[in-house]
Amino acid sequence: RQTPEELVRNWRREFRNQQRQIDSQIRNIVMEENKIKVSLKQAAKKGDKKSYTILAKELLKSRDAKNKLDETKNLLNSMLLSLQQQLSTIKITGTLKKTADIMHSMNQLSKIPEISQTIQKFSNEMTKAGIIDEMISNTLGMNDEEGIEEEAEEEVEKVLFELTNGLLGEAGSVGESLDTSAIASEESLEEKLKELQS
């Protein structure tokens, strides 16, 4: 049977593994976002409203997913700190101590579908070890399609405004007919600059 210190060290190792996986997911999302931005700018230059609107929505979903992963990472950090305090307590008293911090972090983490199974396993072990009370599983879905749709319209405008240097979106809304001449003239300026440099 593991000692309290071994238990806590194992939990800390597992939580750090979870953090590394989340870091990897965040890096993948950032790479995808960069690809979407390039495609969106290309669609905007062509005046392809349908494509750039879809891409702007994709970018919003991507940012939302990244924010949720950042929140998860913060919760895992909080958990690691609480477990570090447990190690200090063990060194003094030789036993694990029940804490509200760990209970709160575990409840928050159990709501994240991507890691809820791992958290359930930890929660069972921690309940047996006596540092948290039994948790009620209440996993929340992260697929908030309706929320995204509602905020999408105004957020799409902001994304378009941001990625096209104010030529599309904004501040107001994108009209049905787009003046792509500004984008075209920007392109021809870039070409002239390249010619001058060569």
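Structure values in brief
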| quantity | calculated |
| --- | --- |
| Single unsatisfied condition, N34 versus (1) open to solvent by 60 Å² or more (accessible area, probe 1.4 Å); (2) closer than 29 Å to S123 by Cα; (3) at pLDDT 90 or above; (4) among the polar types (S, T, N, Q) | (2) |
| Matching residues in segment 83-117 - criterion: being polar (S, T, N, Q), open to solvent by 50 Å² or more (accessible area, probe 1.4 Å) and outside any helix (DSSP H, G or I) | T95 |
| Verdict on T99 being over 21 Å from R12 (Cβ atoms) and either in contact with a Pro (Cβ under 8 Å, 6 or more places away or on another chain) or among the hydroxyl-bearing types (S, T, Y) (or both) | no |
| Cβ pairs under 6 Å, 6+ apart, first in segment 36-55 and within 14 Å of F161 (Cα to Cα) and in contact (Cβ under 8 Å) with a residue 40 or more places away in the chain, second of a type in the set (S, T, Y) and part of a helix (DSSP H, G or I) | L40/Y52; A44/Y52 |
| Any hit, segment 118-140, residues being out of contact with any strand residue (DSSP E or B) (no Cβ under 6 Å at 6 or more places or on another chain), at pLDDT 75 or above and in a loop (DSSP other than H, G, I, E, B) | no |
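The values are calculated or read from the model by the stated rules, or taken from the named source; none is laboratory data. Small disclaimer: the values here were computed from a predicted structure and weren't measured. As a convention, Cβ positions derive from the backbone with ideal geometry for all residues, glycine included, and neighbour counts pool all protein chains shown. Quick note on the areas: whole protein, heavy atoms, side chains included, nothing else; ligands and nucleic acids left out. Shrake-Rupley method; radii C 1.70, N 1.55, O 1.52, S 1.80 Å.
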